[in-house]
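Just below is one structure, and these are the notes that go with it.
Every number in this text was worked out from the coordinates using simple rules, so none of it is lab data. Quantities reported herein were computed from a predicted structural model and do not represent experimental measurements. So basically every Cβ, Gly included, is an ideal-geometry build from the backbone, and we count neighbours across all protein chains shown.
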Amino acid sequence: MSLERKDDHDHKAWMEKRDLTPVESIYLSVLVWFDKRLRIVDYLELLEDLYYKVNMQMPKSHTEQYNLDNKFWYWYPLYALGSFSTIAYIVAAISGALLGFYYAPAAAAADGTPTVAYQQISLIMTDLNMGFFLRSLHRWSAQVMVAAVFLHMLRVYFTGAYKEPRELNWIIGIVLISLTMVFGYTGYLLPWDQLAFWAGQIGVEMALSIPLIGEWTAQLLFGGFTLTQATLQRMYLLHVFLLPFVVTSLIAVHIGIVWMQGIAEPH
C-alpha cells in the first residue's frame, strides 16, 4: 500500500471510530482534502506557535506587573484618545473613498458660473442618495480626528509619557499631528468655493514668507503664486494619494511601538 493510500485509510478509520455528525464529517473531509494539497494544518500549527510566542512577549502593564486591583484607568477617557483618533481616521478614509467616486478636481468655470469641483460637491449634497450624510460624515470624522489627536498629544505631554523610552513614538506623534493638519487643509480646498479660495491664498502667502525657499515652496505646493487648476490638482493628489499612504504607515508604526512598549499608565 502506498503512503498516500495509507494516509487516506488512516483518516477514514479515524473518522469511522468517532461518532461524528454529518456536518463535522463534511468539514473534516474538506480539511483533509485541502491539507493534502496545501498543507493547511502545518501552517495553522506555525501560526498557533507564533501567536503564543508573541503573546508571551507582550509587555505587562503597571497594574498587571504589580497585581493591582484598581484598574479604573483602563476606562479613563483620556487614555482612549489614540484609539478614538484612529477610528475617526478609518471612518474619514472610507467615507472619503466613497466621495471620490463622484468628485472631479476641476477648477474650470466661465461667465461667473460655479467651478466644476463646486458643482460636483453640490451634486453630492443635493442629488446623490445619502450624499449629504456621506459628506457630513467625512467632514465631521475629520474634525473629530483633529481634535482627538490634539487632545491625545496634550495627554501624553502632561502625563510625561513622551519620556524615555518613548521619545521616538513622541516624535512620530508630532509628525502625525502635523500631517493631520495638512490633511485638513488640503481637504478644505477641494470644494473650491470662496472659503477654499481665501484659505488657498493664505497658504500661498505663508509659503512665500519662508526665507530662501519661499518661491520654490509655493511653486511646488500651489503650482505658482496664484490659485489655478494646478493648485486644485496638487491639493487633490496630496489629499487622496500621498497623505493616506504616509499617514497610514506612520499610524501602523506608532501603534506597533505602543504595542511593544506598553501604555505609559498613571502611577
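Listing for the model above:
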{"item": "Charge sum, other residues only, whose C-beta stays under 12 Å from Ala92's C-beta, Lys/Arg counted +1 and Asp/Glu -1", "result": "+2"}
{"item": "Label-point gap, in nm, between Glu167 and Trp140 - each point 7 angstrom along Cα→Cβ", "result": "4.3"}
{"item": "Fully extended contour minus Cα-Cα distance, from Phe150 to Arg37, at 0.36 nm per residue", "result": "35.5 nm"}
{"item": "FRET efficiency, 1/(1 + (r/R0)^6) with R0 51 Å, evaluated for Trp259 and Gln229 via beta carbons", "result": "0.70"}
{"item": "Ordering of 208-215, 190-197 by burial proxy (mean other Cβ atoms within 10 Å per residue, highest first)", "result": "190-197, 208-215"}
{"item": "Inter-label distance for Val246 and Tyr27, nm, one decimal - labels placed 7 Å from Cα along Cα-to-Cβ", "result": "4.8"}
{"item": "Rounded if a/c under 1.5, otherwise prolate or oblate - segment 72-261, Cα gyration tensor axes", "result": "oblate"}
